[in-house]
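Asks: After the structure tokens below, expect a handful of questions from me.
No value in this document is a laboratory result; all are computed from the given coordinates. Predicted model only: the values in this text are computed from it and were never measured. Glycine gets a Cβ as well: all are built from the backbone with ideal geometry, and neighbour counts include every protein chain shown.
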Amino acid sequence: MLLQLFSRMIQLIFVLLMLSIATFLLMKMAPGDPVLTILKASEGAVSQLDQEQVREQLGLNLPLIQQYGLWLWSVLQLDLGRSLVNNRAVWDLMMDRLPATINLTAGAVIVLLLVSVPLGVVAAKYKGKWPDHLSRLFALIGASIPSFWLGLLLVYAFAFKLNWLPTMGSGDIRHLILPSITLGFVMAPEYIRLLRSGILDALSQEYVRAARARGIAEWRILAKHALRAALLPVMTIFGMSLSGLLAGSVVTETLFAWPGLGSMVMEAIIQRNYPVIQGYVLLTGVFVVTANILVDLSYRLLDPRIRAKRGRGV
Amino acid sequence: MKRISLLQSITPYESRQLRSNPLVWMGAGIILVFILVALIGPWIVPNDPLLVNMSDRLLPPSAQFPLGTDHLGRCILSRIIEGTRTTMSTSFLVLLTVILIGVPLGMLSGFWGGRLDTLLMRFVDGIGAVPEFLLAVAVAGFLGPGLLHVMLAVACVKWITYARLVRSIILLEKEKDYVKAAVVAGSGMWTILYRHLVRQVMSPLAVMTALDVGRFILLISMLSFLGLGVQPPAPEWGAMLNEGRSYFQAAPQLMIYPGVCILIVVFSCNLISDGIRDHLDVRNR
């Protein structure tokens with residue numbers, strides 16, 4: 001187990017290094033000369049001498065590898081540079097936006113569970129009958145519908161036609177409803193499928209037979225034994241879903257003008273605000289990679305079978 | 001997570017079963033229709049998809065404009081048809097690129113083994129950990145928006161899954177007697193790869209492709225919707241939805257048709273992959 005943890009940590013560091021190199025290189029490849037941008041912002045005419053001076057100040061005359069080292073050092077101190085638009089520190093900017101994205105993600109996860117758990121359970125309970133087919137059709141549509149289109153349709157129906165909910169912006173909880181549905185709904189199919197097959201697996205196990213023999217009510221068996229066993233694999237894809245949630249949040253936040261990280265990076269892309277884009281890629285990359293590895297580790301901890309197997313094997 | 005194993009190839013029995021699944025047929029039929037529309041698009045468009053005519057703005061459906069016109073007076077049907085071309089060709093090109101990079105690298109890595117294999121797999125693990133959309137955002141963000149950049153970004157990440165799949169197949173096959181016999185008989189590496197191993201890779205590859213195409217289409221149209229992919233005025237479904245966004249309260253037809261098209265195409269892809277998944281699932285149980 002300790003060995004496992006150690007090798008995972010090594011892998012984490014390796015992946016994060018790759019990520020940082022990739023963002024650093026992309027930043028270097030971005031069109032436009034940073035020296036000229038800075039000089040143009042401060043004065044009118046730009047002389048050759050000024051350019052050399054600024055280049056030296058910024059360390060741009062150093063070899064690339066040294067530049068990378070310096071850059072990485074400042075990143076580790078959470079200094080991600082300043083926004084080209086309003087000169088605020090990128091780190092502060094992101095911390096301002098983070099709570100909104102967390103709210104949205106939490107809302108989406110609630111929608112996701114509300115949709116996928118009942119449908120998954122019903123599909124498994126009535127395997128091969130019409131509720132199963134219906135839940136499957138639902139999952140197929142959910143997997144095929146573009147989230148941005150679903151968002152547009154929801155706005156059209158609930159905000160314009162019925163006038164129940166606000167179209168966009170943030171504020172009270174009602175603003176959160178449509179974005180959460182948009183984001184949560186399209187993630188549901190994978191979970192429905194997984195829950196269904198997980199519950200079916202569990203229902204064929206000995207302990208479920210034993211529970212039935214003891215005369216425990218069918219719904220209790222489903223809720224207590226089968227669902228619990230099925231939730232474990234769901235946890236693993238939860239780590240993977242994080243990247244899906246982040247991807248979805250870019251679309252959803254843009255669509256609903258939700259002031260989170262996703263809409264921030266879209267604005268930054270349109271404004272060519274490179275430091276902000278870089279900050280976003282680094283931050284979310286660290287999130288996703290770390291979450292995946294944590295989930296992987298916790299899975300081993302949670303499932304006694306895997307732990308036992310490993311213990312015997314080593 | 002229970003992963004579907006793509007390693008076993010589809011047996012003739014299963015392929016017959018798959019062929020008797022009406023839903024798979026339906027999906028394949030719909031996709032064929034869309035491919036056909038994409039191919040003959042320029043000859044069947046009723047109007048010029050790029051022609052702006054401000055006096056014909058937001059018209060309802062008529063004989064001349066079967067689906068009406070958009071906010072710049074362009075024929076919606078013509079733009080949908082042109083968009084089919086864009087979507088189909090980009091997804092196809094990305095898929096082709098991914099296969100052309102992933103398959104040879106996976107084969108060589110698996111067959112040669114040794115240091116090259118280790119190096120490549122470390123590299124692949126590294127990129128594979130970065131979520132695909134993040135890379136797409138990064139590439140589009142730094143290089144500027146554009147269809148080519150987005151395709152590049154998607155291909156950059158996706159080849160990894162294919163290289164991994166192919167490598168694991170080769171690792172299995174390499175140990176089998178017929179390959180050893182071929183080596184003893186003096187066949188060169190290229191001959192073995194080309195004559196014996198390529199066909200082992202084919203069927204799992206086809207399954208994987210079927211599972212992926214729908215996701216490619218969704219990803220590309222999403223990036224276009226965000227304004228990162230196809231640039232206006234070029235018609236693409238996601239981009240059309242983006243353009244029509246500010247008008248959709250007054251003219252819902254602007255957002256209905258492109259969305260329905262994406263839904264139908266991706267749905268058909270998913271019907272096929274669902275059928276395939278079912279058979280693999282049964283076998284894995």
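Asks: Filter the trypsin sites (Lys or Arg not before Pro) in the range B:131-184 down to the DSSP loop ones having no more than 15 other Cβ atoms within 10 Å, then list what survives. Show your work: numbers first, answer last.
Replies: Working: sites: B:158, B:164, B:167, B:174, B:176, B:180; in loops: B:176.
Those satisfying the criteria are B:176.
Asks: Name the trypsin sites (Lys or Arg not before Pro) in the range A:71-122 that are in a loop by DSSP and that have at most 13 other C-beta atoms within 10 Å, would you?
Replies: Qualifying residues, ordered by number: A:88.
Asks: Between beta-carbons, use under 13 Å as the cut-off and find the net charge around residue A:245, counting Lys and Arg +1, Asp and Glu -1.
Replies: -2
Asks: Next question. Could you tell me whether the range B:28-169 comes out rounded, prolate or oblate from its Cα gyration tensor? Rule is a ≥ b ≥ c as square roots of the eigenvalues, rounded for a/c under 1.5, then prolate if a/b exceeds b/c, otherwise oblate. Please report the intermediate quantities before stating the final value.
Replies: On the way: a/c = 4.51, a/b = 2.38, b/c = 1.90.
It comes out prolate by the Cα gyration axes.
Asks: For the range A:42-134, which GluC sites (Glu not before Pro) are both in a DSSP coil and crowded by at most 15 other Cβ atoms within 10 Å?
Replies: A:43
Asks: Let me ask something else about it. Per-residue mean of other chain beta-carbon atoms within 10 angstrom of the beta-carbon, peptide B:137-150?
Replies: Shielding by partners across B:137-150 averages 5.
Asks: Across peptide B:219-229, what mean number of C-beta atoms from other chains lies inside 10 Å of a residue's C-beta?
Replies: Mean shielding count: 4.
Asks: Arranged by the count of other C-beta atoms within 10 angstrom, fewest first, what order do A:29, A:235, A:94 take?
Replies: A:29, A:235, A:94
Asks: Let me ask you something else. Rounded, prolate or oblate: which fits the range B:155-253 when a ≥ b ≥ c are the square roots of the eigenvalues of the alpha-carbon gyration tensor, with rounded for a/c under 1.5 and prolate only if a/b beats b/c?
Replies: prolate
Asks: Using the number of other C-beta atoms within 10 angstrom as an exposure proxy, rank A:155, B:230 with the fewest first.
Replies: Details: A:155 24, B:230 27.
If I rank by nearby Cβ atoms, fewest first, I get A:155, B:230.
Asks: Taking each residue in A:264-270, count the Cβ atoms of any other chain within 10 Å of its Cβ, then average. What number comes out?
Replies: Mean shielding by partner chains, rounded to a whole number: 4.
Asks: Whose amide H sits under 5 Å from the amide H of residue B:231, counting only residues 5 or more places off or on another chain, with H placed in the peptide plane?
Replies: When sequence neighbours closer than 5 places are left aside, the close amide H contacts are B:147.
Asks: So what's the back-of-envelope 222 nm ellipticity for chain A, counting only DSSP H runs of four-plus at -39500 (n - 2.57) apiece and dividing by all residues, rounded to 500?
Replies: On the way: 14 runs with 235 residues, N = 314.
Counting only the DSSP helices, I get -25000 deg cm²/dmol.
Asks: Continuing with this model, one more query. Build a GNM of chain B with springs between Cα atoms under 10 Å: which of B:68, B:113, B:214 gets the top mean-square fluctuation?
Replies: Result for chain B, Cα springs under 10 Å: B:113 fluctuates most.
Asks: Please report the equivalent ellipsoid semi-axes of the protein assembly as shown, computed as sqrt(5 x eigenvalue) of the Cα gyration tensor, largest first, in whole Å.
Replies: Here the semi-axes work out to 38, 34, 29 Å.
Asks: Computed from the mean reciprocal separation of all distinct C-alpha pairs, what Kirkwood hydrodynamic radius does the range B:29-284 have, in Å?
Replies: Averaging 1/r across every pair of different Cα atoms and inverting gives 20.4 Å.
Asks: If R0 is 22 Å, what FRET efficiency do you get for residue A:209 and residue A:235 from their C-beta distance, rounded to 0.05?
Replies: Numbers: r = 25 Å, r/R0 = 1.16.
After rounding to 0.05, the efficiency reads 0.30.
Asks: Can you give me the Rg/Rh ratio for chain A, using Cα atoms for both radii and the Kirkwood formula for Rh?
Replies: 1.08
Asks: Can you list, bin by bin at 5 Å, the percent of alpha carbon pairs in the range A:43-170, starting at 0?
Replies: Once binned at 5 Å, the Cα pair distances of the range A:43-170 give 2, 7, 8, 11, 12, 10, 8, 8, 7, 8, 7, 6, 3, 2, 1, 0.
Asks: Taking the Cβ of each residue in A:101, B:118, A:284 as the centre, tally the other Cβ atoms inside 10 Å and list the residues starting with the fewest.
Replies: Numbers: A:101 24, B:118 11, A:284 28.
Sorted ascending by nearby Cβ count, the order is B:118, A:101, A:284.
Asks: Counting only complete DSSP H runs, which helices of chain B cover 15 Å or more along their long axis at the Cα atoms and score a mean Kyte-Doolittle of 1.6 or above?
Replies: Span-like helices, by this rule, are B:22-44, B:132-143.
Asks: Out of B:204, B:235, B:252, any idea which swings most in a Gaussian network model of chain B, alpha carbons joined below 10 Å?
Replies: Among B:204, B:235, B:252, the largest GNM mean-square fluctuation belongs to B:252.
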